[in-house]
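Report on the structure given below.
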């Protein structure tokens, strides 16, 4: 892909965003391609180093505040007509309650997702506590004349330490997955407000 094709595709992918934002991003990526070419890369290699247009569009949309996209969407729509105002007012009880209900469902699902993450980290904390308590308690029991109970408790502490290690990697993976989902969901919602126009 040539520099011109890349920039044209990028401009089309970003259409619907604020015009000054599009111009700034196009200038930034144009300069980046020029810098790579000055380092000795061919035009196609320089474009390939940046990544695909879809990837760049997703990164740019992720960086743009949601309020800016909404403002641009309503600005692009233009002036609201009289009959549209009447429909908005008459339909308020319906669309507002649906909006509040949808928002409540999304927030509760998101909170439930994070509560799973918190619960998993709490289990990890419990394993760590049991490992420390079991190890120290086992040593204490063994030193105070009850070696069988001491070794049993110490063994339980070692098992909990092993489980804590496994739990840590599982909790870390789940947390990263939820963060990845959150980021991609936000980008997907923002993309709904970025209209695609033919250039």
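Nothing in this text is a laboratory measurement; each read-out follows from the coordinates by a stated rule. Not measured: the values here are computed from a predicted model. Heads up, the Cβs are rebuilt from the backbone with ideal geometry, glycines too, and the neighbour counts pull from every protein chain shown.
When N counts the residues of region 93-192, how does its alpha-carbon radius of gyration compare numerically with 2.2 N^0.38 Å, as a ratio? The partial results should precede the final answer.
On the way: Rg = 22.1 Å, N = 100, 2.2 N^0.38 = 12.7 Å.
Here the Cα radius of gyration is 1.75 times the empirical estimate.
Starting from the Kirkwood radius over alpha-carbon pairs of region 145-196, derive D by Stokes-Einstein at 20 °C in a medium of 1.002 mPa s and give it in µm² s⁻¹. Please report the intermediate quantities before stating the final value.
Working: Rh = 14.6 Å.
After rounding, the answer is 146 µm²/s.
Give me the distance in nm between label points sitting 7 Å out from Cα along the Cα-to-Cβ direction at residue 63 and residue 27, one decimal.
1.4
What residue among 41, 181, 92 shows peak mean-square fluctuation when the chain is described by a Gaussian network model with Cα springs under 10 Å?
92
So which residue, out of 189, 61, 94, gets the largest mean-square fluctuation from a GNM of the chain using Cα contacts under 10 Å as springs?
Taking springs between Cα atoms under 10 Å, the residue moving most is 94.
Of 19, 183, 81, which has the largest mean-square fluctuation in a 10 Å C-alpha GNM of the chain?
The residue that fluctuates most here is 81.
Using the alpha-carbon atoms, what tilt in degrees (0 to 90, nearest 10) does helix 66-77 show relative to the longest principal axis of the chain?
20
Just want the ordering: 182, 42, from fewest to most Cβ atoms lying within 10 Å of their own Cβ.
Details: 182 13, 42 10.
So the ranking, lowest neighbour count to highest, is 42, 182.
Whole number please: convex hull volume per residue, Cα atoms of the chain, in Å³. Present the calculation step by step, with values, prior to reporting the outcome.
Working: hull volume 35.1 nm³, N = 199.
It comes to 177 Å³ per residue, whole-number rounded.
For the Cα atoms of the chain, what angle does the longest principal axis make with the long axis of helix 92-143, in degrees from 0 to 90, nearest 10?
30
Give me the tail of P(r) for region 82-123 as a percent: Cα-Cα pairs with distance above 18 Å. Spell out each step's value before the answer.
Details: 458 of 861 pairs.
Value for region 82-123: 53 percent of Cα pairs lie more than 18 Å apart.
How much of the pair distance distribution for region 14-70 lies past 17 Å, counting alpha-carbon pairs only, in percent?
Values: 667 of 1596 pairs.
For region 14-70, the share of Cα pairs beyond 17 Å comes to 42 percent.
For every helix of n ≥ 4 consecutive DSSP H residues, a contribution of -39,500 (n - 2.57) applies; sum these over the chain, divide by its total residues, and give [θ] at 222 nm rounded to the nearest 500 deg cm²/dmol. Please report the intermediate quantities before stating the final value.
Values: 8 runs with 169 residues, N = 199.
It lands at -29500 deg cm²/dmol.
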